[in-house]
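Some notes on the structure that comes next.
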Number of protein chains: 6
Amino acid sequence: IRLALQSWPDVDRYLQSCKGVIIPLGSTEQHGPTGAIGTDALTAEAVALELGRRSGVLVTPVQAFGMAEHHLGFAGTMSLQPATLLAVLHDMVLSLATHGFERIFVVNGHGGNMATTRAAFAQAYGTAASRGLEVAPRLRCKLSNWFMAGPVMRRARELYGDREGQHATPSEIAVTLHLHNSLIAKQRALPEAAPCGSIHGPADFRRRYPDGRMGSDPYLAKPEHGLELLNTAAEALREDLSTFLTAA
Amino acid sequence: IRLALQSWPDVDRYLQSCKGVIIPLGSTEQHGPTGAIGTDALTAEAVALELGRRSGVLVTPVQAFGMAEHHLGFAGTMSLQPATLLAVLHDMVLSLATHGFERIFVVNGHGGNMATTRAAFAQAYGTAASRGLEVAPRLRCKLSNWFMAGPVMRRARELYGDREGQHATPSEIAVTLHLHNSLIAKQRALPEAAPCGSIHGPADFRRRYPDGRMGSDPYLAKPEHGLELLNTAAEALREDLSTFLTAA
Amino acid sequence: IRLALQSWPDVDRYLQSCKGVIIPLGSTEQHGPTGAIGTDALTAEAVALELGRRSGVLVTPVQAFGMAEHHLGFAGTMSLQPATLLAVLHDMVLSLATHGFERIFVVNGHGGNMATTRAAFAQAYGTAASRGLEVAPRLRCKLSNWFMAGPVMRRARELYGDREGQHATPSEIAVTLHLHNSLIAKQRALPEAAPCGSIHGPADFRRRYPDGRMGSDPYLAKPEHGLELLNTAAEALREDLSTFLTAA
Amino acid sequence: IRLALQSWPDVDRYLQSCKGVIIPLGSTEQHGPTGAIGTDALTAEAVALELGRRSGVLVTPVQAFGMAEHHLGFAGTMSLQPATLLAVLHDMVLSLATHGFERIFVVNGHGGNMATTRAAFAQAYGTAASRGLEVAPRLRCKLSNWFMAGPVMRRARELYGDREGQHATPSEIAVTLHLHNSLIAKQRALPEAAPCGSIHGPADFRRRYPDGRMGSDPYLAKPEHGLELLNTAAEALREDLSTFLTAA
Amino acid sequence: IRLALQSWPDVDRYLQSCKGVIIPLGSTEQHGPTGAIGTDALTAEAVALELGRRSGVLVTPVQAFGMAEHHLGFAGTMSLQPATLLAVLHDMVLSLATHGFERIFVVNGHGGNMATTRAAFAQAYGTAASRGLEVAPRLRCKLSNWFMAGPVMRRARELYGDREGQHATPSEIAVTLHLHNSLIAKQRALPEAAPCGSIHGPADFRRRYPDGRMGSDPYLAKPEHGLELLNTAAEALREDLSTFLTAA
Amino acid sequence: IRLALQSWPDVDRYLQSCKGVIIPLGSTEQHGPTGAIGTDALTAEAVALELGRRSGVLVTPVQAFGMAEHHLGFAGTMSLQPATLLAVLHDMVLSLATHGFERIFVVNGHGGNMATTRAAFAQAYGTAASRGLEVAPRLRCKLSNWFMAGPVMRRARELYGDREGQHATPSEIAVTLHLHNSLIAKQRALPEAAPCGSIHGPADFRRRYPDGRMGSDPYLAKPEHGLELLNTAAEALREDLSTFLTAA
Ligand code: NI
Ligand code: NI
Ligand code: NI
Ligand code: NI
Ligand code: NI
Ligand code: NI
């Protein structure tokens, strides 16, 4: 399931029966006073691996660094500029397309990556065509944000109501608590978060959201929620993936 | 209202009372067998100008070329690669920020521009910060797609039901018929369009949507619809713009 | 004549008899205390359209933003960096070449675009060749600056003598007065302009040319001159275009 | 120790006593008929984490995709072009420098990354200086290749003699066997590998090294070697790191 | 006079009395069946050095590779793409500006470099300003093409009439004969050259100008002409340089 | 031997019997209080030409500007950013590959170029493959640093012991004294140099190595050493080159 644990002849064999592949995409950025900086990469990878297990589709290593320019006002955030992330995803897609992969499914854990990822897909289609790659007419990429899958959002709403918020949300924190018990000790009651709002540059973000949270109460997160949300996400994405892989 | 018709001292005066500006962003791409290649730029510009008239906010010239890689299989389409459009919007925002503009409202007429535009905003915030521009902490950009405004989508649904489709839609065509009477003569009944679906590379697009339409029946479009939709869009965006300009 | 008002099958048909196309290229930059910021785009577009009417050659939308770094010291100027404009023109030419256009005629309204446009042509020829485009060996681009056409310069000299100057010239302002009556009200007598000289960075430009004019007296401009100059330019460029299109 | 498991206030506190940070850098590329595609990322991450445990220095997530253009002839390889990887490392260093990190220690698992990483450091120093970052004069980056540490090379020589080879070496494979027991089952005797030689483009590489190995016999690798080599590497790098962090 | 032969304290001293510097810019490209591939770099460097000797202004090493995409159809041509040459000149100007040089005079030997050089100047001014370099407001660059200096063109006309042509001209060849006696042996009568015309891509160039010459008869060149033209060029440029350095 | 002094038909003929070419690569950067700024370019060019003479392999003009960001704190240094130098070398290799050159041997005079040059080779191999160049599968590039050739380092050790140092070394200075007698007059006794150490950004470099030298005593250099070292280098590289050209 993990591309990292396959040999190249394994991949050659795999390609004879499946042209699909899953790329987990995360970010390394602040997640509030108690949340883990690696949240988006940890969750994207976990969802992608669970999805891989259920579907039998290969999962590449996680790209743990994403577009997090607006979080650069908080220590520990590591951001790729949009133009850089665009190039990264472009090169990843082109590498895979060179081998004959035709359906590339990105499991994303960070809202800030969405725009750049879609831009990168368009850039990659163009390059595949201009290089005359054999798969160019059949190459398809799809962005799937696990935290926006319908069942995930419904369950998060049930669990946390409007304290879910938009960044450092209890649902994503819950998944990290499930994955890394050591994070449970960081949990503590926090003052009311700044209300949700828009996102612009790093100084503006820090002014609006002084502790990094956007309307969320991550103290509500429990590891058992995390397990449930992980499974919910994997199941929801499994349907999306299946449709994506089998579509004419 | 039109930046193009102002002198620089006019702009200096304007900046004393308003830091907002509107950028119309279009595309130059096929719009089905009867639709105008300039549809997205014509409509974005018309909506932006009407919005400018109603709000008193300056409107820059339209950027008529956008990200239309997937339409390159049809003659006449002119596309900027995502990395190019990203640079264009980055430079436009930085130019405006240098003069002291702080709220930049992009009126977009083309779905394919959305991802790249948002990526460009993030790139621009980063540059503004790293250059130490005086307005950097206050700089805000907003993408507003006129065809996705709630009242516009509702009215389009009333007028065209599910024949609105997703590309070369009767609503956007109607606006062009209102703007350019000469286009009315191109209108003719067309066979059922290919159903809506996903968008990938240019060859895939042409295979899925052989005449360029995605589920739409542009023959339903009437110039008088266009006028109404234009006004509806301008009014809907006026509220968005007002909120954007006055937000703390 | 306007590509924007054609459908893609119209363009397919057009290409059966003509491989030529006209791109108007402008700039959005200060034009002195009374001149319009959109002057270069407005005039380039007007000349291109008149040229299209006379020649029957398709005219793309205007690229209204050009290389105007040196004008960034004046409010309202929006400049693409040279590397950005190079990419824009490259992508425009490549898009057109993909469809089979072989002769691309750029009608330019701004001196500051000249160098970058020529650089972009060379970059585009290289890409067309390295991509193996079918038209690559036949692809030709030509830069034509309407304000430097012989008959235009002669007529400007007759009308304005050495008060024509080099930026915010009465001849270009006259064309805008003809196109937009509202601009006539901005006209007023101005003090002697700073003398013509060289152009370097934005701070140097503002120091040398404090009100933005280079040796010009735009108050001499009359709308009727504008009409005449527009026709003169279109006629002069028609010969250039004809030669360009028919050359072996 | 893992940046991914810290919160931003944790990082703020950390920076009060230490300005150093460790970045593991890998690659996702073929490692012969039996080796794991993820070898270089798995080993770099493992060494970096062990180094972090021993030194108390924070370890960022692994950048799992590196410069592997020459391996693109083998299925599953995912490569960033040198210009892309340069931008990635540049952005990572700049992000860290913005927060006040001054000593950036890259633990690298792939020879193909070395040149680009060093180029990226120079690019990052330049940007830090031209942006006027507060830490610019103190910013230092260091590339440390775990597989080239003296004690590691000596032990590999003892264990494998000249069957260590240069790619898909038993020493790196041993570390992966230790980390992932599932890989042990892939181990099998292989024919004599192609002899070591130079590295150029992907077609040349596949021609010279038909099964992907360069002079190595990965069948010699044992999980217990892996544990030992991992500890040896961590200990060797700990000295390098300590010197790096304390140097005036 | 040669920067290459100065030490850094020499340059520090020089900058106390002069802020000017000369950059010779050439190209490495075919010059017809008998002309030297290095012609443009050899001549630019020779003119620049003679100019340096007469003026006392420092001369940097020659940038021997320029923009010669259109000559790539002939063996031996080495071309930088326009975007690459733009970056090279940008970095050279910024390096010099960092040290306090304010007047940068490029002696160019190749028509194909002109556009890109001017674009690079604009890019460099922009970067100097956005980096806040101390010299930014005073930084000036000037392109001077030795072969287009009035006295040079007049003398070439006297010597060669309309057999001067536009590429592989007897005047530039004469300078190389003067500089390298070994080239005299290559001189031989050639058939009538293809007439002058326009320049587009490499295939088009080779088709139009099958032996690489544009309307020229390099057999007319004599070493003694070369010496004379070299002196003429140096003297002509000395006046330009003097004006450039002393202008307010 | 010098490509600059060949005509294009000469190169066509040459390619029938040899696919190899030598590129000298230097730098323009401070070399201590008495050393020439052009040292690295002068020496690389001299070694390359001597190597060409001995081997009969063509030598291109020297690329005199390299990656010298860390020397920018000393007047006169002109540096290309790594991304720029990468593009330069990429374009040079691609130009040569287009003509059918298959073995490209870079004679380098500057340690700071090494990483970027290797990165550029990888980028060039990728482009050659993606463009489908005829020579792509056979294209090979090799970096050869004359100052690191075994016999050169041994002789330098004999001559200068540990006063050779690492920058502004007596061995490289000796070669320049041999090449340019005028430099002999600059030689003078200098205080003990700062000890060798690591290299980071420009401010750090100047702080560590206040006069620009790294552990060297260039006053030991003699012109006759230079001649000897030049011959030693040429002979050592001749073997490397021969192996490179004849390798299967
Ligand atoms: Ni998150
Ligand atoms: Ni549309
Ligand atoms: Ni103008
Ligand atoms: Ni490895
Ligand atoms: Ni020439
Ligand atoms: Ni040196």
With every protein chain kept in place and a 1.4 Å probe, the residues F:242, D:7 fall, from largest accessible area down, as F:242, D:7
Reduced to Cα centres, the span from the range D:26-93 to the range A:216-248 in Å works out to 28 Å
Taking every C-alpha to C-alpha distance in chain C and binning by 5 Å from 0, the per-bin percentages run 1, 7, 14, 18, 19, 16, 11, 7, 5, 2, 0, 0
Heavy-atom accessible area per residue of the range D:186-226, all protein chains kept, 1.4 Å probe, expressed in Å², is 46 Å²
With +1 at each Lys and Arg Cβ and -1 at each Asp and Glu Cβ, the charge dipole magnitude of the range E:1-151 around its Cα centre, to the nearest 20 debye, comes out at 480 debye
Going through B:19/C:186; E:186/F:19; D:142/F:222; A:186/D:19; E:142/F:186 one by one, the pairs whose alpha carbons sit over 27 Å apart turn out to be D:142/F:222; E:142/F:186
Copies of residue E:191 compared via label points 7 Å along Cα→Cβ give distances in nm, shortest first, of 5.5, 5.5, 6.7, 7.2, 8.8
Rounded to the nearest 5, the percent of antiparallel DSSP beta bridges in the protein assembly as shown equals 15 percent
Accessible-area order for B:146, A:8, largest to smallest, probe 1.4 angstrom, reads A:8, B:146
accessible surface per residue for the range D:22-102, probe 1.4 Å, DNA/RNA/ligands not counted, whole Å² -> 13 Å²
Rg (one decimal) and Dmax (whole number) from the Cα set of the range E:87-196, in Å, equal 18.6, 56
Mean per-residue count of partner chain Cβ within 10 Å for C:25-38 equals 4
Restricting to Cα pairs under 8 Å and 6 or more apart, the percent relative contact order of the range E:108-248 works out to 29 percent
Taking only the Cα positions of the range E:1-57, the convex hull volume per residue in Å³ is 75 Å³
Ranking F:165, F:143, F:109 by how far each Cα lies towards the positive end of the charge dipole of the range F:103-248 (+1 on Lys and Arg Cβ, -1 on Asp and Glu Cβ), the top one is F:143
Once normalised by the length of chain A, the mean sequence separation of its alpha carbon contacts under 8 Å that are 6 or more apart gives a contact order in percent of 23 percent
In whole percent, the Cα-Cα distances of the range A:39-122 spread across 5 Å bins from 0 upward as 3, 14, 23, 24, 20, 10, 4, 1, 0
Once normalised by the length of the range E:189-229, the mean sequence separation of its alpha carbon contacts under 8 Å that are 6 or more apart gives a contact order in percent of 46 percent
Across all Cα atoms of the range A:190-248, Rg and the largest Cα-Cα distance (Dmax), in Å, are 17.5, 51
Each residue of E:178-191 has, on average, a number of other protein chain C-beta atoms within 10 Å of its C-beta equal to 1
Cα extents of the range C:70-112 along the principal axes, largest first, in whole Å, come to 41, 18, 13
With the label set 7 Å along Cα→Cβ, residue C:248 is separated from its counterparts in the other copies, in nm and shortest first, by 5.2, 5.3, 5.7, 7.7, 7.8
The base-10 log of I(q)/I(0) that the Debye equation returns for the range D:91-144 at q = 0.15, 0.31 Å⁻¹, one scatterer per C-alpha, is -0.38, -1.29
Expected response for nearest chain D Cβ to the D-C rotation axis, distance in whole Å, is D:83, 7
Interface call, the range E:89-109: threshold 10 Å², probe 1.4 Å, accessible heavy-atom surface of protein chains, chain by itself vs complex, result E:91, E:92, E:95, E:96, E:98, E:99
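Taking N as the number of residues in the range D:1-148, what value does Rg over Cα atoms divided by 2.2 N^0.38 Å take?
1.05
Using only alpha-carbon positions, what ratio does the radius of gyration of the protein assembly as shown give when scaled by 2.2 N^0.38 Å?
Details: Rg = 31.9 Å, N = 1488, 2.2 N^0.38 = 35.3 Å.
Rg over 2.2 N^0.38 Å, computed on Cα atoms: 0.90.
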In debye to the nearest 20, the charge dipole size for the protein assembly as shown, taken about the Cα centre with +1 at each Lys and Arg Cβ and -1 at each Asp and Glu Cβ, equals 0 debye
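Buried accessible area between B and C (1.4 Å probe, both chains summed, ligands and nucleic acids excluded), in Å² to the nearest 100?
On the way: alone 11080 and 11070 Å², together 18060 Å².
For B against C, buried area totals roughly 4100 Å².
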Asserting the computed 222 nm helical MRE of chain F (DSSP H runs at least 4 long, -39500 (n - 2.57) per run, divided by residue count, to nearest 500) equals -15000 deg cm²/dmol
Label points for residue F:219 built 7 Å along Cα→Cβ; distances to same position in the other copies, nm, shortest first, come to 6.2, 6.4, 7.2, 7.2, 9.5
Taking N as the number of residues in the range A:138-231, the ratio of its alpha carbon radius of gyration to 2.2 N^0.38 Å works out to 1.18
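Would you mind giving the mean number of other chain beta-carbons within 10 Å of the Cβ of each residue in D:128-139, as a whole number?
Rounded to a whole number, the mean comes out at 5.
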Ignoring ligands and nucleic acids, residue A:171 exposes an accessible area, probe 1.4 Å, in Å² to the nearest 10, of 0 Å²
The Kirkwood hydrodynamic radius of the range E:114-161, taken as the inverse of the mean 1/r over all distinct Cα pairs, in Å, comes to 13.0 Å
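Please give the contour-minus-distance gain from residue D:198 to residue D:16: 0.36 nm per residue of separation, less the Cα-Cα distance, rounded to one decimal in nm.
On the way: separation 182, 0.36 × 182 = 65.52 nm, distance 4.61 nm.
Extra length from residue D:198 to residue D:16 when fully extended: 60.9 nm.
The values are calculated or read from the model by the stated rules, or taken from the named source; none is laboratory data. Just so it is clear, the model here is predicted, and its values are computed rather than measured. Neighbour counts are summed over all protein chains in view; Cβ atoms, including those assigned to glycine, are modelled from backbone coordinates with ideal geometry. Heads up: the accessible areas ignore ligands, DNA and RNA and are worked out on the full protein's heavy atoms, side chains in. Shrake-Rupley method; radii C 1.70, N 1.55, O 1.52, S 1.80 Å.
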